[in-house]
Amino acid sequence: MPRSFDSKRTRMRFGRIKIEGDIFMKIGFATVAWLMVFTVVGCVPSNLNGSGSSREASEALRLAKENVRNGYYDVALDYALASIRLDTSGFETYSNVLAFCNDLALSQDNVAFEVASAIHARLEAMIPFLSVNKIAGARKSYELSRPTFELPAIVRVGSPSEDVQPIETLALPSSNSDTGLPQLQTLKHHVSQIAESDAPAETKALALDNVRYRLTMLEAELCLRSKLEESATIWSDLATTGTQINELESLVMSELYKTVQADFLNWKSSADDLVKRSENVDNDSVLKVSAELKQTIELGEQRHRDIFTYANASIASAKSDLSLCAHSIERLQRAREWLYNQQALRRVVAIVGSQYATIEKLRDMAKIDEPRLMPYVAKRFEEEWNKLFEECSEDQKILAVRYRVFGKFSD
């Protein structure tokens, strides 16, 4: 069983060394710099340029990967940090450890993600010790990887078959290597796996996000390797793989849209029925139907936002449904406005014919929302208001104006 990751012990092991102010006065700048490396990385580099250190660093990283596969995460962390210590100025070691962190972070294991975050946080300390011409590229690749450690690990679908090399590093082969890009071959295999998988569309979408991220990182690493002998087919293969991912994403999005489309069609059917019912509503049911219209409009706006995502992804059926949804929402809004105007007209007639005092009639009329009134209803409202207004005294007219300004807030 995988051992649990003792985060408390790790924090103690790599905690920052607090140095009292008087000690800073007694030690030189060079000593302070080395203590900073010791603080961040957790160990003092033994050799900055030796090829032997590079080999030892590679061996330490190999052992880290082996311990990850066996579930010994604490030991894997030790070996990964040892790899950093042994070859602090090595760009190849930096790239390999960064790739190791990225792959570990994208696993389904939360403990592995914790370990990857711990290594990634300390890897940044290597950048100032790299060759001057490598620092900018190293910083760029580090910043590209940073979002991975700010979000939960992405869930992967399936696993590569035993005869396909897993993605254990995004470091590209050296210029004298004839092994090509095995990472790209693995990505192609994963794309084929996703295409043939019977997994739910939601899971396939997550897996495609994973593969696209890896492809982006591979392209970034290729750009950073200025000394790599360019192959005529590398960028072509990368572009082809990207196109395959795009096509597969379209298929997955179409599959996902079926659920959204079913919800939309159910809503549209209910909306059409409600519009028909609103055409002939008695006075007692106006408020209830108006409330139903408001709720249906709000739900329709949510459906419209859902469809827009897929229409923006060039799903043909989503584009046509988006237009239908907008049309249905407009019909509902018009039906609601019709009911309000119908009710407002009835209210004006009832208020004018009531036995209340004139100023009370004006107060009740002022509660009607005038901007929502259609021309005929607005004209009738104005005529009746003017008649009542002329019957008032000067003090009552001032009060009536106040009522009309405050509207429904006039109480």
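The values are calculated or read from the model by the stated rules, or taken from the named source; none is laboratory data. This one's a predicted model, so the numbers in the text were calculated from it and none came from an experiment. All Cβ positions, even for glycine, are placed from backbone atoms using ideal geometry, and neighbour counts span all protein chains on display.
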Which of the following residues is within 46 Å of the chain's Cα centre (by Cα), within 24 Å of Ala291 (Cβ to Cβ) and of a type outside the set (Gly, Ala, Ser): Asp369, Asp364? Asp369
Take Glu114 and tell me if it is over 24 Å from the mean Cα position of the chain (by Cα) and on the phi < 0 side of the Ramachandran plot. no
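Return the total of residues in region 132-151 being surrounded by 14 or more Cβ atoms within 10 Å (Cβ to Cβ), over 13 Å from Ala99 (Cβ atoms), at pLDDT 75 or above and not basic (Lys, Arg). Reasoning before the result, please.
Pass one, region 132-151, residues surrounded by 14 or more Cβ atoms within 10 Å (Cβ to Cβ): 134-135, 137-139, 141-142, 144-145, 148-149.
So of that shortlist, the ones also over 13 Å from Ala99 (Cβ atoms) come out as 134-135, 137, 139, 149.
Checking which are at pLDDT 75 or above leaves us with 134-135, 137, 139.
Filter again for not basic (Lys, Arg), leaving 135, 137.
Counting residues in region 132-151 that are surrounded by 14 or more Cβ atoms within 10 Å (Cβ to Cβ), over 13 Å from Ala99 (Cβ atoms), at pLDDT 75 or above and not basic (Lys, Arg) gives 2.
Quick one: would you say Tyr94 is at pLDDT 85 or above, among the aromatic types (Phe, Trp, Tyr) and farther than 23 Å from Leu144 by Cβ? Talk me through it step by step, then tell me what you get.
Details: at pLDDT 85 or above: yes; among the aromatic types (Phe, Trp, Tyr): yes; farther than 23 Å from Leu144 by Cβ: no.
No: the conditions fail for Tyr94.
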Glu292 passes all but one of (1) farther than 29 Å from Thr259 by Cβ; (2) under 51 Å from the mean Cα position of the chain (by Cα); which number fails? (1)
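Could you list, in sequence order, the residues of region 278-295 that are of a type outside the set (S, T, N, Q) and either part of a helix (DSSP H, G or I) or not assigned by TED's automatic domain parsing to the domain that holds Ala335 (or both)?
Just the residues of region 278-295 that are of a type outside the set (S, T, N, Q), to begin with: 279, 281-282, 284, 286-289, 291-294.
Those that are of a type outside the set (S, T, N, Q) and either part of a helix (DSSP H, G or I) or not assigned by TED's automatic domain parsing to the domain that holds Ala335 (or both): Asp284, Val286, Leu287, Lys288, Val289, Ala291, Glu292, Leu293, Lys294.
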Looking only at region 335-363, count how many residues are closer than 21 Å to Asp395 by Cβ, in contact with a Leu (Cβ under 7 Å, 6 or more places away or on another chain) and of a type outside the set (S, T, N, Q). 3
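Take Glu255 and decide whether it is assigned to a helix (DSSP H, G or I), farther than 24 Å from Leu373 by Cα and of a type in the set (D, E, K, R). First the steps, then the outcome.
Numbers: assigned to a helix (DSSP H, G or I): yes; farther than 24 Å from Leu373 by Cα: yes; of a type in the set (D, E, K, R): yes.
For Glu255, the condition - assigned to a helix (DSSP H, G or I), farther than 24 Å from Leu373 by Cα and of a type in the set (D, E, K, R) - is met.
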